[in-house]
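Here's the structure, in structure tokens; my notes come after.
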Amino acid sequence: MTWILFGLFIALMMLRVPIGMSIGGAVVVTLLYAGFGDELYIVPTQILEGVDSPALLAVPFFIMAGMLMNEIGLTDRIFNFANALVGHFRAGLAQVNVLASMIFAGSSGTAVADIAGLGSMEVKAMRQHGYPADFAAALSICSALVGPLIPPSVPLVVYGFISGTSVARLFLGGILPGVLLGVSLMVFNYVIARKRGFPRGERATMGEVVSSAWHGLAALVSPIIILGSITWGMTTPTEGGVLACFYAVALGAFYRTLSWRKIWNALTQTMLITSVIMVIIGFSTVMGWLLAIERVPQMMGDAVLFVTTDKHVFLFLLIVFLLIIGCLIEPVPAKLILVPVLLPVIDQFGIDRVHFGLIITLALLIGLATPPMGLGLYIMTEISGESFEKVTKATLPLLVPLVITLILVTFIPGITLWIPDLVMGPEIASPPRN
């Protein structure tokens with residue numbers, strides 16, 4: 001039954017059926033094949049149980065906050081502040097691209113919001129200053145991957161819901177990997193700039209730096225407000241998402257850039273994205289139920305232990321597997337399918353679930369920048385006007401710092417766990433592997 005389930009799922013995806021419908025179609029056909037034709041009411045029941053969770057309420061609110069930030073023009077202020085700080089460095093605007101994404105990550109929580117909000121502005125500015133259009137587009141995609149790592153993060157909220165892991169610890173655990181990813185891209189920019197002669201910008205005066213910082217101050221303190229309220233128990237993750245939305249509306253009113261049309265645009269985009277995510281979560285819950293019946297997680301654990309009992313070998317095989325999956329399946333459905341299957345194996349090897357959460361999130365995020373399913377590539381193709389082939393080719397060298405960061409995060413758990421343990425205290429370790 002498992003082979004039918006996954007075979008149909010992969011076949012439907014190859015036929016370019018939307019991911020939610022691919023999962024749903026595979027599930028229904030598998031149930032019919034297994035003789036559950038008279039019990040198909042299981043499907044809507046499991047779907048409702050899958051999405052009926054208070055923890056998932058945080059998802060639309062954080063998406064809404066990111067969309068509002070885009071609509072009120074906060075991205076302009078962030079870009080100007082980043083330009084004042086690092087625009088005069090070698091490959092100045094390339095460094096601005098990365099730094100702006102790191103700052104915006106503290107408000108948006110999704111890579112899509114970063115690509116849509118900052119992407120068009122970054123590509124346009126880099127083109128005007130002599131950067132190749134395909135490089136500008138590729139860098140904008142890769143820098144946007146910082147967004148779901150630095151809190152708040154929609155993918156980490158989804159992982160926390162699936163795995164039963166503290167969202168506050170996940171948010172804190174994402175800070176250093178996000179910063180490390182940004183720094184690795186900036187180092188790559190510097191190396192490439194020396195080879196290709198990318199231009200420098202003019203050094204901003206101290207007055208210009210102070211002015212841009214003052215105008216962008218609200219964007220700089222937003223992650224502190226959101227993360228602080230969740231970490232110190234003042235709000236739940238859902239309430240933190242609501243707080244982020246109110247903060248965005250308040251900023252729009254203060255800057256006088258808010259209008260009913262912009263609120264409506266943010267609402268419609270949020271509803272579209274959230275509805276897609278919830279459909280995927282619902283059908284993935286049914287798939288997870290089928291996999292549990294077939295004892296797939298237990299068989300996966302036995303198979304892995306048969307191959308290796310060494311933790312480091314397992315982690316290497318894990319990231320190779322996740323990178324391949326990320327090329328074929330979008331991050332949210334991949335996570336919904338894989339996390340329940342992999343958690344028993346992770347626990348057997350004594351790997352911290354927060355650490356695993358950042359590994360799988362980063363590995364699947366890299367899939368946004370890799371063909372054939374790379375959603376970021378398709379979005380940036382539309383924004384930049386460059387061909388898919390050119391953007392993809394320009395993105396390939398940028399995968400080097402992304403993969404290096406993934407390897408460091410995977411094999412040095414302290415990068416992920418140091419801040420959560422420092423702020424919230426060490427968590428009780430998972431039971432050791434037999």
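Among residues of region 343-363 being touching a Gly at 6+ places or on another chain (Cβ under 9 Å) and free of Cβ contacts under 8 Å to residues at least 60 places away in the same chain, the one that is surrounded by the most Cβ atoms within 10 Å (Cβ to Cβ) is ALA363.
Scanning region 72-85 for residues that are buried (at least 22 other Cβ atoms within 10 Å of the Cβ) and in a helix (DSSP H, G or I) yields LEU74, THR75, ARG77, ILE78, PHE79, PHE81, ALA82, ASN83, ALA84.
Filtering VAL354, VAL345 for residues that are on the phi < 0 side of the Ramachandran plot, under 17 Å from the mean Cα position of the chain (by Cα) and not charged (D, E, K, R) leaves a single hit, VAL354. Here is a list of conditions, (1) out of contact with any Pro (no Cβ under 8 Å at 6 or more places or on another chain); (2) over 22 Å from VAL146 (Cβ atoms); (3) not polar (S, T, N, Q), and GLY357 meets all of them except one; can you say which number that is? All conditions are met except number (2).
Considering region 306-342, and only residues there that are outside any helix (DSSP H, G or I) and over 14 Å from ILE19 (Cα atoms), the residue that is modelled with the highest pLDDT turns out to be ASP310. For LEU57, the criteria (1) among the hydrophobic types (A, V, I, L, M, F, W, C); (2) over 21 Å from the mean Cα position of the chain (by Cα); (3) surrounded by fewer than 18 Cβ atoms within 10 Å (Cβ to Cβ) hold in every case but one, which is (2). Pull up region 109-141, narrow it to residues that are within 16 Å of GLY182 (Cα to Cα) and within 14 Å of the chain's Cα centre (by Cα), then point me to the one that is modelled with the lowest pLDDT. Residue satisfying both the conditions and the ranking: GLY109.
The values are calculated or read from the model by the stated rules, or taken from the named source; none is laboratory data. Please read these numbers as outputs of a predicted model, since none were measured by experiment. When we count neighbours, we look across all protein chains shown, and the Cβ atoms used for this are built from the backbone with ideal geometry, even at glycine.
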